[in-house]
Structures are given as C-alpha cells and as structure tokens.
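Some notes on the structure that comes next.
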Amino acid sequence: MNSRFVKTEAIVLNSVQFGEGHKIVNLFTEDRGKVEASAFGARKTKSRFGSKLEPFTILHLLLYHKNEESLFTIKDVEVRSHNISIRGDLTKYFIANSLIEPVIRFVAKYQSDIKLFNLLSDALRILDGIDPRKGVYLLSMYDIKLLSVLGYSPNTCLCTKCGRDLKGTAVYMDLYLGFPLCDSCKTGSSASVIDGTLKFINWVKDSSIKEAKKVTMKGHTLSNIRSVIEQLYLHTFHATPKSWKQLSEFVSYE
Ligand SMILES: [Zn+2]
C-alpha cells in the first residue's frame, strides 16, 4: 500500500451535500488531524455508506488521495462506535455539538494530535452511554482537559498576573486579565471564583472523564465553573462555542 492510501481512525464532525447524492465529510482523524473527504453516492438509498457518516460517529477509514494537495476520497469505512443515543436525545445532541465545535473552530487543519483525538472520541463514547443530566459535567471536564491539551492549563495556586500564592485567599476571574487573579489584581469587572470551582478544576486534571457519571454538585457551583470555562475560552480563543447557547436553553445551571 503506498502513501496515497491512509488508514486511520476518524470522528465525523459534520458533512455537506454536493452534486447527485454525494457528500463531503468533515473528519477529525487520528493520523492527519482535520481533513475533508468525499463520499460518492453517500446519499443514495442503497449506498454502501448507509448511516455510517452521521456526525459523532467514530470510524475506521481507508482514505485515498492522488497527491498531498488533492481531496481525500473515502474508500472503505468500518464503524467503531455509532453513538446512536446522542442523536436520539436533544440534551445529548447539544452537548455533543459543544464537544466537537471547539475542534471545528479552534484547531488548525491537518494538525494531528493524538491526545485531542482520544479526548474527543472518549467523550463522545461516554456521552452516548451516560445519563443526559450528567452531560454538562462531562462537557465541563472535557472543556478543562481540552484547554490543557491545547496548552492553556491554568495554575489555580498562583495569580496569573502577579504570581502571588492564592492559598487561603479569595480568587477572581477576569475577561481581560484571565484566571485566576488575586485580590490586589482584580478589577471592577472581575468576578468571584468559589472554592468548589477551584476544587473541581484541580480534580479534573487528575481524573478521567469517565468519572463524569459520578459527579454531583449544586447549581451555583456548576454555574461558576461554566463562567470560569467561558472566561478561559474568551481569553484563549477570543470566542466561545455557539452551541453553548442552544445547550443553555435546555440545561439550566441554577
Ligand atoms: Zn495578583
């Protein structure tokens, strides 16, 4: 097999239709990062692809391209995980969108990252089997781990601005200055970070996202955690996933 063929694990992010019954599928692959691949005849009733190319599906693929510049074509597809319950539950569906959107928007094309690939595929598999009410805990764990995989892991012990030790002191977050901040560095626009949030962030760093199913917390803690994550996204990417808005209409944090 020559290099024009690529065998890889892949996650379907989304797809667009083109021409007579064809699809271009946006994939996050283990080997090549984000790539687009055409699936000829994917929308025909008797297509060999069937429902295998639906979003959130985890696949093993054989891709072909003529040369490095040309679009991949899907030659063969084997489903590793259908994650079918995600498409049957609206809360799970919006959580899954919130899991994949940062990869779609904030990760560069063709940049392979095995840690990120494993994080997203694990999160989708876990979401598929979890109680939908635990989904937002899974998402919060995922967001913290995603930021850390991409190199933006906050040190909760030291003020990000002046470096002061935050042990036993009040902690703040700020859109412009970041997180965490000490009492002297906070401004009028900074918000308080509660103890439960700091504990959660530190716990997530050493825990597997599988633990999401065991998490319980008060609404105001979850709301504070989501605010910190929002600030971290804004500070890092200057944007937050749009899917969070749809999700917040379904899941109340309070
Ligand atoms: Zn400070």
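The values are calculated or read from the model by the stated rules, or taken from the named source; none is laboratory data. All of these numbers come straight from a predicted model, not from anything done at the bench. Counting neighbours? That spans all protein chains shown, and the Cβs are built from the backbone with ideal geometry, glycine included.
For the stretch 166-202, what are the residues that are loosely packed, with under 15 Cβ neighbours inside 10 Å and over 24 Å from residue 218 (Cβ atoms)?
Within the stretch 166-202, 175, 176, 183, 184, 187, 188, 189 qualify.
Output yes when any residue across the stretch 191-201 is away from the ligand (no atom under 16 Å from the Cβ) and basic (Lys, Arg), and no when none is.
Yes, the stretch 191-201 has at least one match.
If residue 114 satisfies every condition in (1) buried (at least 22 other Cβ atoms within 10 Å of the Cβ); (2) assigned by TED's automatic domain parsing to the domain that holds residue 213 but one, which is the exception?
(1)
What tally of residues in the stretch 5-47 results from selecting those that are under 14 Å from residue 76 (Cα atoms) and either aromatic (Phe, Trp, Tyr) or not in a strand (DSSP E or B) (or both)?
Residues flagged as under 14 Å from residue 76 (Cα atoms) and either aromatic (Phe, Trp, Tyr) or not in a strand (DSSP E or B) (or both) within the stretch 5-47 amount to 5.
If I ask for residues that are of a type in the set (Ser, Thr, Tyr), exposed (fewer than 15 other Cβ atoms within 10 Å of the Cβ) and in a loop (DSSP other than H, G, I, E, B), which ones from the stretch 214-252 would you list?
216, 252
May I ask you to list pairs of residues, at least six apart or on different chains, whose Cβ atoms are under 8 Å apart, with the first in the stretch 73-100 being part of a strand (DSSP E or B) and the second being among the β-branched types (Val, Ile, Thr)?
Going by the 8 Å Cβ cut-off, the qualifying pairs are 74/25; 79/57; 79/58; 80/58; 81/57; 81/58.
Restricting attention to the stretch 156-189, which residues are out of contact with any strand residue (DSSP E or B) (no Cβ under 7 Å at 6 or more places or on another chain), more than 11 Å from the ligand (Cβ to nearest atom) and without any contact (Cβ under 8 Å) to a residue 12 or more places away in the chain?
167, 168, 188
Determine whether the stretch 128-149 contains at least one residue that is exposed (fewer than 15 other Cβ atoms within 10 Å of the Cβ), over 30 Å from residue 88 (Cβ atoms) and modelled with pLDDT under 95.
Checked against the condition, which is being exposed (fewer than 15 other Cβ atoms within 10 Å of the Cβ), over 30 Å from residue 88 (Cβ atoms) and modelled with pLDDT under 95, the stretch 128-149 yields no hits at all.
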